Amino acid sequence: MNIYVGNLSRDVTEEDLRQAFQSFGQVTSVSIIKDKFSGESRGFGFLEMPNKAEAQKAIMDLNGKELKGRTLTVNEARPRREER
């Protein structure tokens, strides 16, 4: 299951996110989206958790929680719509 995590502090690393979610179950991938010019975090990222029940528990428990001074927005990632 793909999970969207928003409102990330610029200080949050992929490892920080992995640790926050690993207490709920296996995390197969983590990526924080970065600005392609500055390389700075754009304040959101995505995680992949193979077990849907664990992923849903993580979403419920971590949405609204604080990480490095910012309140997280956590929900199921929706596929990008191709807009032409």
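Using a probe radius of 1.4 angstrom, the carbon and sulfur fraction of the accessible surface of region 1-53 is 46%.
The magnitude of the dipole of region 1-43, with charges of +1 and -1 set on the Cβ of Lys/Arg and Asp/Glu and taken from the Cα centre, is near 140 debye.
Restricting region 1-58 to chymotrypsin sites (Phe, Trp or Tyr not before Pro) that sit in a DSSP loop and have at most 14 other Cβ atoms within 10 Å of their own Cβ leaves Phe37. I'd like the GluC sites (Glu not before Pro) in region 27-65 restricted to DSSP loop residues with at most 12 other Cβ atoms within 10 Å, sorted by number. Filter output for region 27-65: Glu40. Taking 30 Å as the straight-line reach from the Cα of Lys57, the lysines in range (excluding those fewer than 8 positions away in the same chain) are Lys34, Lys65, Lys68. Placing +1 on the Cβ of every Lys and Arg and -1 on the Cβ of every Asp and Glu, with no other charges, gives the chain a dipole of roughly 240 debye about its Cα centre.
On average, how much accessible surface per residue is there in the chain, in Å², for a 1.4 Å probe, leaving out ligands, DNA and RNA?
Working: 5710 Å² over 84 residues.
Per residue, the chain has 68 Å² of solvent-accessible surface.
Protein-only accessible surface at a 1.4 angstrom probe places the residues Met1, Met60 in the order Met60, Met1, largest first.
Between Thr28 and Arg10, the modelled labels are 3.4 nm apart [label points 7 Å from Cα along Cα→Cβ].
The values are calculated or read from the model by the stated rules, or taken from the named source; none is laboratory data. Keep in mind it's a predicted model, so treat the numbers as computed, not measured. Here the Cβ is made from the backbone with ideal geometry for all residues, glycine too, and neighbour counts use every protein chain on show. Areas reflect the complete protein model, heavy atoms only, side chains present, ligands, DNA and RNA absent. Shrake-Rupley method; radii C 1.70, N 1.55, O 1.52, S 1.80 Å.
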